[in-house]
Amino acid sequence: MKDSEVRSWVTGLGLPGLVDIHVHFMPESVLRKVWAYFDNARDNYGVDWPIHYRFDEDERLRLLRSFGVTRFAPLVYPHKPGMAEWLNEWIRDFAARTPDAVPTATLFPEPETESYVAKALDAGARCVKAHVQIGGYDPRASELDNAWGLIAEAGVPAVVHCGHGPLRGAFTGLDVFAEVLRRHPTLTAVLAHAGMPEFDAAFDLVSRYPNVYVDTTMVGVDFGTPQPDFLPRMVHFPDRVVLGTDFPNIPYEYAHQLEVIAKWAEDERLGPDFLRAVLHDTPAQLLGIADDTDRR
Ligand SMILES: [Zn+2]
């Protein structure tokens, strides 16, 4: 499948649109730094990572819409203290001027965490991103504890990059994040990249906690080191998988991720119901837009 074919594929499935829980929109200055990091991917990741959608914001939005994405969660994340609150303000403005963007927020362990997370939730944030690897912080940090509690209480999903892939961080590993879930068992957590490469550990958490999900971001794609087989565990939890892509910072076409998901659906245990759930219904329900997503 090519990008130009995605929209008619989505329509052909009878879906009102795609809901993507894992895309990135950031302040221009931050995005430049992220792209510069990927430009050095050979040093940073050991593999070239040519960003496929290196365009200005308007063009990136136009492209997403051209694929039939009707709602998406634009995710931001800090790599140092003193940055999260500013990112939260930026993303609130971005969502206010972008009707198909769901308002999101992020966090970092610092004295102000609880108060700016509370503020973001009050202002309508419907998704919180935590990047344990880039942030280099311990998700069990005491400054985060009340914030996790607030997010759990609000029933807002936290998209958490806590796996070892593509790079290990000081506090990555699903065993570490499992301790956060032990303290906050009602937290709605979406394990970004399905916890890559620890798919088994990710689905152990899914089986233990009814509010734990995985996103599809970069899972099963034809890029980087070979991944463990995702399907054998996933078929037992088809309603706990949500579309995520990492657009625009991907080294292949958006269509490729969808192709991978479509391939999973060919398994007789899954089928069209699975596609509808992953690509639309489950992410819409998590983001609290299940009722209004069809209106666009
Ligand atoms: Zn991402």
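Which one of these does Ala95 not meet: (1) open to solvent by less than 20 Å² (accessible area, probe 1.4 Å); (2) in a helix (DSSP H, G or I); (3) within 16 Å of the ligand (Cβ to nearest atom)?
Every listed condition holds for Ala95 apart from (3).
Among the listed residues Tyr209, Tyr254, identify the single one that is touching a helix residue (DSSP H, G or I) at 6+ places or on another chain (Cβ under 6 Å), among the hydroxyl-bearing types (Ser, Thr, Tyr) and within 16 Å of the ligand (Cβ to nearest atom).
Working: Tyr209 fails: within 16 Å of the ligand (Cβ to nearest atom).
Answer to the selection: Tyr254.
Could you tell me whether the stretch 46-56 includes any residue that is modelled with pLDDT of 95 or more and farther than 30 Å from Met1 by Cα?
No: zero hits.
So in the stretch 142-153, with the set limited to residues that are among the small types (Gly, Ala, Ser) and surrounded by fewer than 18 Cβ atoms within 10 Å (Cβ to Cβ), which one is farthest from the chain's Cα centre (by Cα)? Let's see the steps before the verdict.
Initially, the stretch 142-153 is screened for residues among the small types (Gly, Ala, Ser), giving 142, 147, 149, 152.
Next, only the ones that are surrounded by fewer than 18 Cβ atoms within 10 Å (Cβ to Cβ) stay: 142, 149.
Details: Ser142: 24, Gly149: 20 Å.
Out of the qualifying residues, it is Ser142.
What number of residues within the stretch 206-238 satisfy the criterion of being among the aliphatic types (A, V, I, L, M) and buried (at least 19 other Cβ atoms within 10 Å of the Cβ)? So that I can check it myself, show each step before the final result.
As a first pass, look at the stretch 206-238 and keep what is among the aliphatic types (A, V, I, L, M): 206, 212, 214, 218-219, 221, 231, 234-235.
Filter once more, so that each one left must be buried (at least 19 other Cβ atoms within 10 Å of the Cβ): 206, 212, 214, 218-219, 234.
Here the count works out to 6.
Can you work out which of the residues in the stretch 239-276 that are among the small types (Gly, Ala, Ser) and either in a loop (DSSP other than H, G, I, E, B) or open to solvent by 20 Å² or more (accessible area, probe 1.4 Å) (or both) is farthest from Met26 (Cα to Cα)? Full working, then the answer.
In the first step, residues of the stretch 239-276 are kept if they are among the small types (Gly, Ala, Ser); the result is 244, 255, 262, 265, 271.
With either in a loop (DSSP other than H, G, I, E, B) or open to solvent by 20 Å² or more (accessible area, probe 1.4 Å) (or both) added as a condition, the list becomes 244, 262, 271.
Numbers: Gly244: 17, Ala262: 29, Gly271: 35 Å.
Per the criteria, the residue is Gly271.
Would you mind telling me which numbered condition in (1) in contact (Cβ under 8 Å) with a residue 24 or more places away in the chain; (2) open to solvent by less than 80 Å² (accessible area, probe 1.4 Å); (3) away from the ligand (no atom under 16 Å from the Cβ) Ser115 fails?
(1)
Restricting to the stretch 278-289, what's the tally of residues that are open to solvent by 20 Å² or more (accessible area, probe 1.4 Å) and either part of a helix (DSSP H, G or I) or in contact with a strand residue (DSSP E or B) (Cβ under 8 Å, 6 or more places away or on another chain) (or both)?
Step one: filter the stretch 278-289 for residues open to solvent by 20 Å² or more (accessible area, probe 1.4 Å), giving 281, 285, 288.
Those still in the list that are either part of a helix (DSSP H, G or I) or in contact with a strand residue (DSSP E or B) (Cβ under 8 Å, 6 or more places away or on another chain) (or both) too: 281, 285.
Qualifying residue count, the stretch 278-289: 2.
When the stretch 12-60 is examined, which residues are found to be away from the ligand (no atom under 15 Å from the Cβ) and among the basic types (Lys, Arg)?
Passing the criteria: Arg32, Arg42, Arg54.
The values are calculated or read from the model by the stated rules, or taken from the named source; none is laboratory data. What you are looking at is a predicted structure, and each value in this text was computed from that prediction instead of being measured. As a convention, Cβ positions derive from the backbone with ideal geometry for all residues, glycine included, and neighbour counts pool all protein chains shown. Just the protein is used for accessible areas: all its heavy atoms, side chains included, with ligands, DNA and RNA removed. Shrake-Rupley method; radii C 1.70, N 1.55, O 1.52, S 1.80 Å.
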